Amino acid sequence: MRPPRSRGAKRPLLLATLAVALGCLLLASAASRARAAPGPSSAVLVNFDVPVDPGSSSLMAAALATAKATNAPAIVIEMNTPGGLLSDMVDIVNTIEQANQSGIRTYTYVPPDALAASAGSYIAMATNGILMGPGSEIGPSTPIVVGGTPLEQNHTEDAMISLMVSLAEKWGRNSTAAQAMVVSDVAYSAGDAYRLHLTEGNATTVQAALSQFGLGQSYTVVQEGAYDQLLSALSDPNLNGILIILGALAIVLDLWHPTFVLSIGGAIALVAGLVGLEVVGASVLGVVVILTGVALMFLELRLGHGFAMMAGAVVGGAGVYLLFQGVQYSSSALTDYTQVEAVAVGAVGVLGGLYIRWIVGPMRNKRNLTGSESLVGKRGVAVSPTEVRVEGIIWRAKTDSGELEKGTQVEVKAVEHLVLRVAKVEEDRALGAQ
């Protein structure tokens, strides 16, 4: 009989495959992030059709690096964003300031029917010039602290008013109109923004915008690569919580009936979720609650009745809700914790618990009844000093009371690596009589 192939032997190959795949992903990201239009580059054009999050913050850092490497005189942000996280907005504003300090001008172009909403309005206001297309909007810009106290909300709003006004004043724009976007949650059309001197003009195409900015028609396009998209995905606290819960569920199920594939997928989901929580700076309370849910799921390995899995999913669902508490974003929320997500998280945990209770548990008990463990408590007879016959099969055996004599009646006490640990029946009776 050929010995079973060790699952551990597959690990190096699988890990090497994952490492190669990750390397290819990063190379593809670097290769796809920048592409050039024909002719000498006169500007770096950033395709900012993304939320404001760690991914777009990385995108802007890459745009600045590209502008420096190509000696581009300017960075043009072609913006269409609903807004996003305030922390990453501040990072992008700082990147724009670094570009200006390096002698690289920055501009914002909002194409027709596009948005420079929320966090995007601050980014646009930080640039040297703003042009907007027909049907586009800038604002509203009121910040929101999820689950925050009124004091936290007021402090955040006051800070954002100060930032917006200072950015508008820096470039000679209407600071009163800019302040209204934050205080009164106002959004301006392209025509109103120009009339109120929040922008420097209007343009129907990116080529027209480049001409008004005094740049040529050749440019290098920088857009989000795979790495930036991964950061964007991991900046969603809801997704991170769900990844952690599903990862724990997959690992627990795999430990019940090992396939190794679920363990790898579960481990990747757990790591990705935990990394994402660090990226977004999620609520500590939410992290504690969701890890409590994970602990309940792993408790299922000991209890085996399915209820701990279900309870872990319910607690984990509450933790997912709490993960977003205290996160600051601008008025267009990137992610909202919905009842659908809550029900989905709980439903997955309930299904996992029922699967263990109704399918996996009975299958394991059946294996115990038909495998070598079923011999425990059975009686047999010694056929040699180291062998016994139990239910017609000869097994290797050992006893704590010395060598066995042929014909001695024995009882199986345990199975240790296909060796039976037995006790003489006469000794058991004698001990019982005492």
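The values are calculated or read from the model by the stated rules, or taken from the named source; none is laboratory data. Nothing here was measured: the structure is a model prediction, and the numbers come from that model. Glycine gets a Cβ as well: all are built from the backbone with ideal geometry, and neighbour counts include every protein chain shown.
Given the structure, is residue 263 of a type in the set (Gly, Ala, Ser), out of contact with any Pro (no Cβ under 9 Å at 6 or more places or on another chain) and under 30 Å from residue 295 (Cβ atoms)? Lay out the reasoning, then the answer.
Values: of a type in the set (Gly, Ala, Ser): yes; out of contact with any Pro (no Cβ under 9 Å at 6 or more places or on another chain): yes; under 30 Å from residue 295 (Cβ atoms): yes.
Criteria met by residue 263.
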Subject >> Subset of the stretch 96-123 (residues that are part of a strand (DSSP E or B) and surrounded by 24 or more Cβ atoms within 10 Å (Cβ to Cβ)) >> reply: 106, 107, 108, 109, 110, 116
Original post:
Under 6 Å by Cβ, and 6 or more places apart or on different chains, what pairs join a residue from the stretch 182-203 that is at negative phi with one that is assigned to a loop (DSSP other than H, G, I, E, B) and at pLDDT 95 or above?
Top reply: 190/136; 193/199; 196/174; 198/173; 198/174
Subject >> Search result, residues across the stretch 160-184 that are out of contact with any helix residue (DSSP H, G or I) (no Cβ under 9 Å at 6 or more places or on another chain) and loosely packed, with under 15 Cβ neighbours inside 10 Å >> reply: 162, 172, 184
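Identify, from the list 382, 414, the residue that is among the hydrophobic types (A, V, I, L, M, F, W, C), in contact with an Asp or Glu (Cβ under 7 Å, 6 or more places away or on another chain) and modelled with pLDDT of 80 or more. Step through it out loud before you land on a result.
Values: 414 fails: in contact with an Asp or Glu (Cβ under 7 Å, 6 or more places away or on another chain).
Selected residue: 382, the only one of 382, 414 that is among the hydrophobic types (A, V, I, L, M, F, W, C), in contact with an Asp or Glu (Cβ under 7 Å, 6 or more places away or on another chain) and modelled with pLDDT of 80 or more.
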**OP:** Scan the stretch 206-216 for residues that are in contact (Cβ under 8 Å) with a residue 60 or more places away in the chain, in a loop (DSSP other than H, G, I, E, B) and surrounded by fewer than 19 Cβ atoms within 10 Å (Cβ to Cβ) and jot them down.
**Re:** 216
Original post:
Can you tell me which residue in the stretch 383-427 is surrounded by the most Cβ atoms within 10 Å (Cβ to Cβ), limited to those that are touching a residue at least 40 places away in the same chain (Cβ under 8 Å) and either in contact with a strand residue (DSSP E or B) (Cβ under 6 Å, 6 or more places away or on another chain) or at positive phi (or both)?
Top reply: 422
